[in-house]
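Below: the structure, in structure tokens.
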Amino acid sequence: MLAAEARLTVISPEFAPLTRSALVGVAQLIEREPTVAEIESSIIVFIADIDSASARRWADVARMSGVLLNVVDQPALCDFTTPSIVDRGRVTISISTVGAAPVLGRRLRADIEAILPARIGQLADFADRYRDAVKGKIPVAERRLFWERFFDGPIAAQILAGADAGADTHEKMLELINRPNVVERTGVVHIVGAGPGDPELLTIKALRHIQHADVILYDRLVSEGILSLARRDAELLYVGKAKSDHSVPQGDIEARMVSFAREGKTVVRLKGGDPFVFGRGGEELDALRSAGIPAFVTPGVTAATGCAAAAGMALTHRDYAQAVTFVTGHAKGETEPELDWPALAALKNTLVVYMGVTKAETIAAKLIAEGRAASTPVAVIENGTRENQKVVKGALGAISTMIKAGGIKGPAVLVIGEVAALADGETLSGLIAKERLAA
Ligand SMILES: C[S@@+](CC[C@H](N)C(=O)[O-])C[C@H]1O[C@@H](n2cnc3c(N)ncnc32)[C@H](O)[C@@H]1O
């Protein structure tokens, strides 16, 4: 009622202290039984929290005065029911079960809240500002299509992404209205982080983009569970490494995104983890921007944080590590990763190595040679957050034995540092004992 700017009077023989403090300053409080005159002079009356005989009596008074009435939890006595409201400025959605199951209504509200863009109200405000201009310029028969294109297009995406403050969106809108058939109808590309595998680790924004996409270009590490969230008619294109281990060249991926966007499509480039952590997301964003394609980035849970949570191991810890460093262990062929080994060994913090399984032995040897103790705890987490997650732990000096004994093939991260001792996982000695038993 307050959100609708009602003038609110709350009448009760007594108020619990918490109720009183919540209402003081926002409503008029009257501490006694209501009078018939008060009921008669109201527009809407809610009766709450009294026994049913008294509720019925006051309900009769209200009804005789023609006042709109709601008796809490007694649908039979109500003239109307109060729906659950999703309130995003001008966009309001109400959900009602006509009093049958208010808790279900509230759950539905939570579900709808989650899928609605936070800035949908701002988008409605923006569209409202141009309604008259659109009416004046675009013939009735074409108006619906105009607005549909607008809500699917780059200007709306920019507003939903929080970038409507600049004059730039207004200029683009005027151009669109004045020359709707001339202005190239470009789509948008969302570079979206899919997280480490568990679909429940997607952000709400990522889920929304996946569900709205016309085309999704995805990598090897994007799980099936996540792809199944796409629209049935969306085009899903795999652009990761093929069985032969040849990836689609980066330039081709970028060119495909540009051409889909130029066809007016809503494109999602779905990448494992976070697109800006060892994901070439930066290069893709640059390529799209230089081709003039509106592009936006949605972050994701990166493998390091996803794996740490799944293994119950903090990456920083007051007692063991004050900092965390992410590096890539990737190196071409026989070469070793190009890293600043003395600096990495000197830091007594947590080191997370992505793509480090094949070069794990070299990495450990380099760190030990530069002064990191061979006894430093290490955890190797494979397929973190997925059903087939595996965690093995041991000491830096024994990392390749651990990887072999654990049958680790990747995708995996190596977590090096004192915190690794806290991981929930199999120890090297446990793995060896198991192997012996099996033999
Ligand atoms: C090309 S990188 C991409 C990283 C991604 N952008 C991120 O933020 O997680 C791929 C590497 O990420 C790590 N990785 C990705 N998903 C993983 C998972 N579920 N469990 C363990 N490591 C994972 C592995 O080290 C894998 O080799």
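The values are calculated or read from the model by the stated rules, or taken from the named source; none is laboratory data. Only a predicted model underlies this, so the values are computations on that prediction, with no experimental measurement involved. Note that we place each Cβ from the backbone using ideal geometry, even for glycine, and neighbour counts take in every protein chain shown.
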Next on the checklist: Regarding region 67-82, can at least one residue be identified that is under 41 Å from the mean Cα position of the chain (by Cα), closer than 30 Å to A127 by Cα and modelled with pLDDT under 90?
Outcome noted: yes
Next on the checklist: Going residue by residue through region 166-189, is there one that turns out to be modelled with pLDDT of 90 or more and within 16 Å of the ligand (Cβ to nearest atom)?
Outcome noted: no
Item to check | Matching residues, region 359-388, being within 16 Å of the ligand (Cβ to nearest atom) and either touching an Asp or Glu at 6+ places or on another chain (Cβ under 6 Å) or without any contact (Cβ under 8 Å) to a residue 24 or more places away in the chain (or both) | outcome: T362, T385, E387, N388
Checklist entry - How about region 211-226: which of its residues are more than 13 Å from the ligand (Cβ to nearest atom), of a type outside the set (D, E, K, R) and either at pLDDT below 95 or in the same structural domain as G410 (by TED's automatic domain parsing) (or both)? => result Q211, H212, A213
Checklist entry - What number goes with the only condition from (1) more than 21 Å from K205 (Cβ to Cβ); (2) more than 11 Å from the ligand (Cβ to nearest atom); (3) buried (at least 19 other Cβ atoms within 10 Å of the Cβ); (4) modelled with pLDDT of 95 or more that A314 does not pass? => result (3)
Item to check | Flag for G306 being within 16 Å of the ligand (Cβ to nearest atom) and either of a type in the set (S, T, N, Q) or farther than 23 Å from L116 by Cα (or both) | outcome: yes
Checklist entry - If you go through region 261-281, how many residues are modelled with pLDDT under 95, under 14 Å from A295 (Cβ atoms) and away from the ligand (no atom under 12 Å from the Cβ)? => result 4
Checklist entry - Just wondering, is there one or more residues in region 401-408 that are touching a residue at least 40 places away in the same chain (Cβ under 8 Å), within 11 Å of the ligand (Cβ to nearest atom) and in the same structural domain as T328 (by TED's automatic domain parsing)? => result yes
Checklist outcome for this item: Among A100, A110, the single one that is surrounded by fewer than 16 Cβ atoms within 10 Å (Cβ to Cβ) and assigned to a loop (DSSP other than H, G, I, E, B) is A100
Next on the checklist: Just to verify a result, which residue in region 128-144, among those that are in a helix (DSSP H, G or I), touching a residue at least 24 places away in the same chain (Cβ under 8 Å) and of a type in the set (A, V, I, L, M), is surrounded by the fewest Cβ atoms within 10 Å (Cβ to Cβ)?
Outcome noted: A133
Checklist entry - Yes or no: V222 over 27 Å from L145 (Cβ atoms) and outside any loop (DSSP other than H, G, I, E, B)? => result no
Checklist entry - Just one of A311, A303 is in contact with an Asp or Glu (Cβ under 7 Å, 6 or more places away or on another chain), in contact (Cβ under 8 Å) with a residue 24 or more places away in the chain and closer than 30 Å to T362 by Cα; which is it? => result A311
Item to check | Members of region 181-220 found to be buried (at least 21 other Cβ atoms within 10 Å of the Cβ) and in contact with a Pro (Cβ under 8 Å, 6 or more places away or on another chain), listed by number | outcome: G187, V188, V189, I191, V192, G193
